[in-house]
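The values are calculated or read from the model by the stated rules, or taken from the named source; none is laboratory data. From a predicted model like this one, the values you see are computed outputs, not experimental measurements. Cβ sites come from the backbone with ideal geometry, for glycine too, and all protein chains shown count toward neighbours. Ligands, DNA and RNA are stripped out before the accessible areas are found, and what is left, the full protein with its side chains, is counted by its heavy atoms. Shrake-Rupley method; radii C 1.70, N 1.55, O 1.52, S 1.80 Å.
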Amino acid sequence: MDLERVVVRAAEELRPQAEEAGISLRHERVGTQFVVVGDEERLVQVVVNLVANAVRFTPTGGHVVLRNVDAGPECEVQVEDTGIGIPAAELPHVFETYRQAHAGRGGTGLGLAIVRALVLAHGGRVTVESHEGKGSRFSVLLPREVRPRASPSAVSRAPAVLLLMATTAGCASWPVTGGGPALLSRADHQAREGAWEDAVATYDEYLARFPDAAAAPRALESRDSLAAMLDRAGASWRGCAPEVMQLRAEVMQLRAELAQARQI
């Protein structure tokens, strides 16, 4: 598949949002060969998430550049902005689930975790460089001949949530009874564990019972984000769920072995 087409699709999807915010969005190419093995829809989702973040954190009058780079054995996609940047202390954590470098500026804390999960599923890697007050550059590097962590059919059909499950093992347990905080904790845990349909229902319950709570706007954003992802992925993920669950089990076993090794 043509990675340049992926970038063009993502740019066109986010261009109205960028124009409304007064931000220029342009596409550059370095080299000519941008063909990789992968699933186009999932990779469009990766670039859309990165561009959406860049637009959100770039002030009016700023610039966002999408760049295709022919990097020899790899193809690279860069998303670079002139935004507010990421604090140095937050850089090691930006791909963690529900981690936000700038709280209060929108988002659910899921976007970059989804990016990382999907890129890893394609056998690739994602990096970030940032200087606070100057901007950030996210780089997605994909091998031309991929050995995905999940099979091509699973990568193609599974929504991001299932791939995310492979990177979020060991989440804290949630209380099943109690008031608003307990219910919201339950919804967050369901989202982390990949039970997005259950999470949407739990967020709905929370919003119905506690519409004026301080955390209601965040719960609404999380619910809408998950619902949109489910709509985009459709029901096709169910056919490959056992395969991805096996992947998650292998990751959990590896983490347990690593934890045991550290105690020796």
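Observations on the structure shown:
- Check on residue 52, touching a Ser or Thr at 6+ places or on another chain (Cβ under 9 Å) and either over 18 Å from residue 112 (Cα atoms) or open to solvent by 10 Å² or more (accessible area, probe 1.4 Å) (or both): no
- Criterion violated by residue 79 - all others in (1) under 15 Å from the mean Cα position of the chain (by Cα); (2) in contact (Cβ under 8 Å) with a residue 40 or more places away in the chain; (3) assigned to a helix (DSSP H, G or I) satisfied: (3)
- Per the conditions (1) under 22 Å from residue 142 (Cβ atoms); (2) under 16 Å from the mean Cα position of the chain (by Cα); (3) at pLDDT below 90; (4) open to solvent by less than 40 Å² (accessible area, probe 1.4 Å), the sole criterion not satisfied by residue 95 is (4).
- Residues satisfying the stated conditions in the range 2-32, i.e. assigned to a loop (DSSP other than H, G, I, E, B) and either free of Cβ contacts under 8 Å to residues at least 12 places away in the same chain or surrounded by 14 or more Cβ atoms within 10 Å (Cβ to Cβ) (or both): 21, 23
- Taking helices (runs of 4 or more DSSP H) as the structural unit, those lying wholly within the range 139-227 and holding at least 2 residues that are modelled with pLDDT of 80 or more correspond to 180-193, 196-209.
- Candidates 130, 136 - the one that is among the hydroxyl-bearing types (Ser, Thr, Tyr), within 24 Å of residue 20 (Cβ to Cβ) and modelled with pLDDT of 85 or more: 136
- Test: residue 76 is open to solvent by less than 40 Å² (accessible area, probe 1.4 Å), at pLDDT 90 or above, under 16 Å from residue 50 (Cβ atoms) and among the acidic types (Asp, Glu): yes
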